[in-house]
Every structure is written in C-alpha cells, then in structure tokens.
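Participant: Structure in structure tokens, see below.
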Amino acid sequence: MAVAWIACIGLLMPGAAFAQGLIRDAEIERTLGMIADPIFRAAGLSPSQVDIYIIDNPRMNAFVAGGNNIFIHTGMLRRLKTVDQLRAVIAHETGHITGGHIARRNEKLRQTRGVAGIGALLAVAAAAAGGGRGALAVGGLTQEAALRDFLSHNRAEESSADQASLRYMIAAGADADAIIEVMKMFSGQEILSQSRADPYVRTHPLWRDRMRYLEDRVANAPAPRTEDPAISYWHARMVAKFNGFIGTPDRTLSQYKDDKTEIGALARAVAYHQRPDIRRAMATVDSLIKARPKDPYYWELKGQFLLENGKAGEAVRAYRQSAALAPNEAQILSGLGRALVAVDQDGATREALPVLERARSMDDRNPQTFRDLAIVYARTGQNGKASLATAERFALQGKLQDASVHARRAAAQLPEGSAGWRQAQDILHVAGRDR
C-alpha cells in the first residue's frame with residue numbers, strides 16, 4: 001500500500017493527525033471496483049467513466065469533485081461493516097454525479113487535462129477534504145471556495161441523490177436497508193458543532209428529513225439478491241489491510257489476536273511489518289502465499305515488505321512473481337520497477353525502463369512511477385525525459401511551481417513538437433494559468 005502525499009496540504013508527515021494522502025493500492029482499488037461496478041451500471045455509467053480515490057483521513061466522509069470522481073476517506077471505509085453499506089455511500093455519491101450537481105460548479109477544473117490536470121483536481125479535493133490553511137489555491141479557487149463548490153449540497157440535490165441511490169441499490173440487487181444503516185451511523189450529529197460533527201454530516205445536510213423519506217421507501221423495497229461470498233471476502237481483506245497499515249501495530253495485533261482466519265493473518269502480517277518485526281511479517285506473509293500461491297497481491301505484499309526492509313534483490317523476485325500473475329496491474333509493475341531501481345545495477349536499470357514505462361502508460365496517477373522513471377532516464381543519459389518525468393510527478397502532486405521549472409528544462413532538451421515536448425508545454429500552460 002502506497003500513500004501519495006499531496007504537497008498542497010499543511011500536514012505531510014505520515015501518521016500525522018488528519019494527514020491528507022492519497023492511498024494507492026492495486027488490491028484495494030480492484031476491490032472497490034468490484035463493489036461499485038453494479039451501482040455504476042445501474043446508473044447507466046461504465047465503470048471506466050468513474051474514478052474512486054482513497055484519502056487517508058480518519059474522519060467519515062465521501063464526496064464528488066471534478067466531475068466523475070468519487071473521494072472516500074479511510075475513516076469511512078474502515079467503519080462501514082458490510083459491502084452493501086459501502087455500496088450505499090457509493091450509490092449516493094453516484095447520484096450526485098448523474099444529477100450533475102458537481103459538474104455544473106467546476107467547469108474550469110474539468111477543462112484541465114493531463115497529468116497536471118489530475119494534480120489540480122487532487123489538490124482541490126484534498127483541500128476540500130480538510131487541508132490546513134496553507135492549502136494551495138488551484139485554478140483561482142481558495143480553500144473556502146473549494147469547500148463551498150465541491151462538497152456542500154442543497155436540499156434539492158440531497159433529495160435527488162437519495163432518490164437515485166435507492167434506485168441504484170435496488171437495481172443492483174443490493175440491500176436497501178444498508179442506506180438506513182449508514183444514515184444511523186450519523187444519528188444526532190446535526191446538533192453537534194461544526195468542528196465536532198463528521199464532515200459527511202456537514203456536507204450532506206438535512207439528516208432527519210432524509211431519514212424520514214428513506215425509511216418510508218426502503219420499507220417497501222424488494223428483497224436483495226444473495227451477496228456473492230467472493231465480494232465479501234475481498235471486502236474483508238480490504239478492511240484488514242487498512243487496519244494493518246493505518247492502525248497502530250499493537251492495536252491491530254490485539255484486535256486480530258484470536259482471529260485464526262486468513263483475514264486475521266493478513267492484518268497481523270501488515271502489523272508486524274509496521275512494528276517493524278520483519279521475521280514475523282515474512283513468516284506470516286509466506287503462510288498466506290503458501291495457502292494462495294497464485295494470489296498476485298500476496299506476492300506484491302511480500303515484495304513491499306522486502307523492499308521497505310532494504311532487501312531489494314529479494315523484492316525483485318517477489319514482484320516478478322506478482323507481475324507474472326497479474327501482468328496488467330500497473331501498480332504491481334510500478335513496484336517491480338521501484339525494486340529494480342533500488343538494486344542500482346546496470347542490468348536492473350535496463351530491465352526497469354520498459355516496466356516503468358508500461359506502468360505509466362496504464363496509470364498516470366502514480367507519483368512514485370514518475371519518480372522512478374526520472375531516476376532510470378537520468379541513469380541512461382536521457383536527461384530531457386528525466387526532467388519531464390520529474391515535472392509530471394510535481395504536477396501530479398499539485399506542486400505546479402516546481403513542475404514548471406522541470407518542464408522548462410524538459411522543453412529545452414526534447415525535440416520541439418515531440419510528444420514529450422508537448423506534454424511539457426501542457427504543464428507550463430496549467431502552471432501559468434494557476435498563478
């Protein structure tokens with residue numbers, strides 16, 4: 001699990017309270033996709049039309065920004081108990097998308113394209129999610145404007161999203177009662193002060209009115225279809241991973257000490273790694289691999305453990321196995337490339353180049369991929385491409401001033417009119433517009 005820290009927010013230290021990092025994890029993103037897929041299809045959307053981003057924030061919140069982009073806090077993902085409770089949240093936010101409640105407010109942001117455009121979106125979304133006073137203004141929007149424009153909804157929009165979410169849940173065969181279960185988690189919070197209530201209450205208001213409407217209609221909803229056990233399994237793995245990486249190791253080990261299942265072992269493996277206790281972490285992840293030798297995500301986890309403990313050569317072997325089992329997972333390829341870069345030998349560097357370029361071609365939202373590509377390009381004497389990759393990384397992180405410095409260097413070294421030169425120009429355009 002990787003946390004991509006966004007520069008526009010005040011708190012950047014891992015583990016700091018309310019730090020606003022974007023979490024990237026191949027397994028978790030796949031799980032969220034499986035859970036959301038029937039909701040998106042019920043809404044008439046292709047799953048490829050909507051991106052789900054995970055924000056590392058302990059508060060319970062979810063919101064839409066920049067068009068078809070749903071942002072969910074880890075606090076929400078860890079607290080929701082069932083697949084259908086998570087679907088209820090996704091269905092409500094999808095209702096805001098299909099209702100056009102966000103798209104009408106941020107035309108300027110939606111016109112921003114490319115890596116720099118993604119960085120602008122993430123910067124504003126992170127600021128709206130609760131960034132400090134030092135949050136970067138993007139596209140002329142202050143933090144207060146971001147909060148107003150990207151999160152808050154009025155009575156008509158909330159009613160529309162509630163109606164849509166109920167339709168989507170029923171059409172997807174999900175349990176409509178989960179909508180009420182989620183609502184009840186926030187019961188009474190409307191009377192709390194703005195600083196004490198969870199953000200989801202502040203930005204999705206009129207709780208009591210909505211409860212009355214939904215309880216009446218949910219009572220008459222058809223019975224849900226039986227949940228696929230595989231979905232519940234992957235959801236449990238996702239929660240265990242979050243608990244292991246985000247919770248304190250001692251608390252996680254206490255929480256799962258009597259859990260003899262695979263899920264318990266996964267949570268303990270991550271907690272041991274976080275402690276750090278490399279011996280127990282490796283022994284536990286190896287037991288998971290032994291039980292599921294063709295699971296690419298357990299091999300990826302082993303690679304991460306090894307790499308973060310300075311065992312780059314062994315990490316390469318684990319990541320190679322993971323990539324062989326899931327050749328189209330961009331983040332696994334990125335991990336393999338990162339391990340090869342850490343080996344720091346000519347052969348490994350040459351092997352890393354096509355791996356990282358393929359990872360970038362499949363996923364242009366991973367700052368780590370751009371960082372490692374810049375290293376590989378520099379080692380192989382491709383300085384223009386190294387500058388461009390660095391510019392793209394800074395742009396993706398919302399550091400547009402730094403991005404423009406490296407974009408100028410790239411534009412001066414790359415052939416005029418080439419794809420790389422045009423990308424550098426795009427970054428300079430976005431950075432200049434944001435001044």
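Participant: So, for segment 284-435, what is the accessible surface per residue at a probe of 1.4 Å, expressed in square angstrom?
Facilitator: With all protein chains present, segment 284-435 gives 45 Å² per residue.
Participant: Let me ask something else about it. Treat each spin label as a single point 7 Å out from the Cα along the C-beta direction, and report the R79 to A378 distance in nm.
Facilitator: Inter-label distance under the simple model: 4.2 nm.
Participant: If amide H atoms are built 1.01 Å from N in the plane of the peptide, which residues on other chains or at least 5 residues away come under 5 Å of the amide H of R24?
Facilitator: A2, V3, A4
Participant: Okay, moving on. Rank M211, I246, I231 by how far each Cα sits towards the positive end of the charge dipole of segment 209-252 (+1 on Lys, Arg Cβ; -1 on Asp, Glu Cβ) and give me just the farthest.
Facilitator: Selected residue: I246.
Participant: Right, another one. Between R279 and N328, what is 0.36 nm times their sequence separation minus the Cα-Cα distance? Round to one decimal in nm. The partial results should precede the final answer.
Facilitator: Working: separation 49, 0.36 × 49 = 17.64 nm, distance 3.07 nm.
Length difference between fully extended and current span is 14.6 nm.
Participant: 5 Å is the cut-off here: which amide hydrogens, built 1.01 Å from N in the peptide plane, fall below it relative to Y53, excluding neighbours closer than 5 in sequence?
Facilitator: Correct list: I70, F71, I72.
Participant: What FRET efficiency do you get for A291 and I180 if R0 is 51 Å and r is their Cβ-Cβ distance, rounded to the nearest 0.05?
Facilitator: FRET efficiency, A291 to I180: 0.85.
Participant: Would you please put 275-285, 82-92 in order of how densely packed they are, using the mean number of other Cβ atoms within 10 angstrom per residue and starting with the highest?
Facilitator: Top of the packing list down: 82-92, 275-285.
Participant: Taking 7 Å along the Cα-to-C-beta vector as the label spot, tell me the D250-M362 distance in nanometres, rounded to one decimal.
Facilitator: 4.1 nm
Participant: Moving on to the next point. Given R₀ = 30 Å, FRET efficiency for Y213-R59 by Cβ-Cβ distance, to 0.05? Display every interim value, and only then the final one.
Facilitator: Numbers: r = 25 Å, r/R0 = 0.85.
Once rounded, the FRET efficiency stands at 0.75.
Participant: Set the Förster distance to 35 Å, then compute FRET efficiency between Q345 and R408 from the Cβ-Cβ distance, nearest 0.05.
Facilitator: Calculated transfer efficiency: 0.60.
Participant: At 7 Å along Cα-to-Cβ for each site, give me the label-to-label distance between A171 and A230 in nm.
Facilitator: 2.4 nm
Participant: Roughly to the nearest percent, how much of the accessible area of segment 230-272 is carbon and sulfur, given a 1.4 Å probe?
Facilitator: Values: 890 of 1710 Å².
Within segment 230-272, the accessible surface is 52 percent carbon and sulfur.
The values are calculated or read from the model by the stated rules, or taken from the named source; none is laboratory data. Being a predicted model, the structure only gives us computed values, none of them experimental. Every residue, glycine among them, receives a Cβ derived from its backbone with ideal geometry; neighbour counts consider all protein chains shown. The protein model used for the area step is the full one, side chains on, heavy atoms only, and it has no ligands, DNA or RNA in it. Shrake-Rupley method; radii C 1.70, N 1.55, O 1.52, S 1.80 Å.
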